[in-house]
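Heads up: the structure comes next, in structure tokens.
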Amino acid sequence: MKTLESGNREVGDARERTSQAGLFEQAPVDHPVAAAFEEISAWLDSHREALDWVAADVDGGCAAEAGRQGLTAETILRCGLLRQLRQESWRELAFALAATVGSVKAETWERIGLLLLADARAAGFEDGSRVRMDSTVTRAHILSPTDSGLLRDGVRVLARELQRARERLGADAVRFKDHRRAAKRRHLEIRSRRGEARRRESYRKLLRLAERTVGYAEEALPAASASGAAWAPKWAEKVEEIIGLVRRVADQARRRVLDGERVPALEKVASLFEPHMDIVVKGGRGTQYGHKLNLSTGRSGLVLDAVVEDGNPADAAKCVPMLERHVERCGQAPSRAAFDGGCASKANLAAAKAMGVEHAVFQKKRGMEDAEMSPSAWIRRALWRFRAGVEAGISHLKRCFGLGLCRWRGLPRFKAWVQSAVLAHNLARFAALRIDSG
């Protein structure tokens, strides 16, 4: 009996499948999870082209041919999905797997997902005629940031890189004073001191330490470049990136703390290690650090589309673009659509009707009449109930498939994490639909 991580056929010269025992291969297991895994495995076996897409991503990121042969494309795909389906840690699946699976692009996970949705339509599980749309946030794996903490991190990281350069080039070539301990003391002072005047004085001291450390790093850059060492270009690129981020943090700290200015979220830096992430405040809840997602799901429970947004756009601004994506993917607009209250506006209702949506129901009216959204009271009530189910679907995606917190670093891998979580969810749902249909 095959499972998600089993494989025994050849799929290409560079990334052959290897024969190996699967989780449930030794003896039949009468369990719903085993049945679902068998259905998922059968679907993966029926779409061999997905392995070529994964192999292209992984092989494209290899810098050299030397070293041991890597994991097969099928192992990477199946293990990546298995991790999301079972929500096990990378240590439990093997630590070295994380980097390899992480090299699969978001576009590839999404492309495989479109194959699955095409099969769901062919099987009659989903036709895209009834959709519900909502947004949520996937958090980045960082601590809640403060300006003092970011300044301290900047001093710490730059001092560490300067120390590495000094060990390679010598003390005469790289001159600097290590301010890490002093920056830590100032940071702790800011956290513990009472009174704005005393806190501002500690901020001034911390800002001076950060500026001096930035100056040391800028002076070391020419020496590293002149050395001609193989490590120098990459080191200089990293240091220049950190210098730019520390300068931005210093600017926002001066404006906010010393000048009393309100700094817009779009202008803030919230992490030196994940600078791509956004500061998102959604629905009057607490501030979250990550990226906003717009999701659409169908009557089958499958996620039909997932978009990682840039910044913190209003839901109303993304209502029409999500409908346009649905038309592009399905070939026609849904006949019935249910939207969150944040999308409600007369302009969005008019745009939805113009695109061919017969019944477009919003959770909030915002000046719209019920009859404008749908002439049928029964359909309106049904769509309001249908929309409410999206909250449970989002919760399921976060609790069971890792959509709530991304543990991969960098924006490309953040997007890949989201798309792989969505694909894992859809595979599990597709398997359940096939089992229920007999």
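The values are calculated or read from the model by the stated rules, or taken from the named source; none is laboratory data. Predicted, not measured: the structure shown is a model, and the values here were computed from it. Don't worry about glycine lacking a Cβ; one is built from the backbone with ideal geometry, like all the others, and counts go over all protein chains shown. The protein model used for the area step is the full one, side chains on, heavy atoms only, and it has no ligands, DNA or RNA in it. Shrake-Rupley method; radii C 1.70, N 1.55, O 1.52, S 1.80 Å.
Tell me the net charge near Glu167. Cut-off is 15 Å between Cβ atoms, Glu167 excluded, with +1 for each Lys or Arg and -1 for each Asp or Glu. It works out to a net charge of +2. For the chain, the antiparallel share of DSSP beta bridges with both residues in that region comes to about 65%. Ligands, DNA and RNA left out, the accessible area of the chain computed with a 1.4 Å probe is 49% carbon and sulfur. The heavy atoms of Glu274 present about 10 square angstrom of accessible area, all protein chains included, probe 1.4 Å. With contacts taken as Cα pairs under 8 Å at a separation of at least 6 residues, the range 166-288 carries a relative contact order of 18 percent. Computed from Cα atoms, the angle from the helix 32-45 axis to the main principal axis of the chain rounds to 90 degrees. Can you give the longest stretch of the chain with no exposed loop site, where a site means chymotrypsin sites (Phe, Trp or Tyr not before Pro) in a DSSP loop (not H, G, I, E or B) with at most 13 other C-beta atoms within 10 Å? Formally, the longest exposed-site-free interval is 232-438. Normalised per residue, the accessible area of the range 319-381 is 48 Å², obtained with a 1.4 Å probe and no contribution from ligands, DNA or RNA.
In the chain, helical runs assigned H by DSSP with n ≥ 4 each contribute -39500 (n - 2.57); averaged across all residues and rounded to the nearest 500, the mean residue ellipticity at 222 nm is -18000 deg cm²/dmol.
The calculated FRET efficiency for Arg366 paired with Val263, based on their beta-carbon distance and R0 = 41 Å, is about 0.85. Put simply, the Cα atoms of the range 195-344 extend 64, 50, 20 Å along their principal axes, the longest span coming first. Relative contact order for the chain: 21 percent, from Cα pairs under 8 Å spaced at least 6 residues apart, divided by residue count.
How large is the charge dipole for the chain, taken about the Cα centre, if only the Cβ atoms of Lys, Arg (+1) and Asp, Glu (-1) carry charge, to the nearest 20 debye?
Result for the chain is approximately 2680 debye, rounded to the nearest 20.
Using the 1.4 Å probe convention, the accessible area of the range 217-293 works out to 52 Å² per residue with neighbouring protein chains retained.
Over all other residues within a Cβ to Cβ distance under 10 Å of Glu267, the charged ones net out to +2, with Lys and Arg as +1 and Asp and Glu as -1. With R₀ fixed at 41 Å, the C-beta to C-beta distance from Ala351 to Ile435 puts the FRET efficiency at about 0.55.
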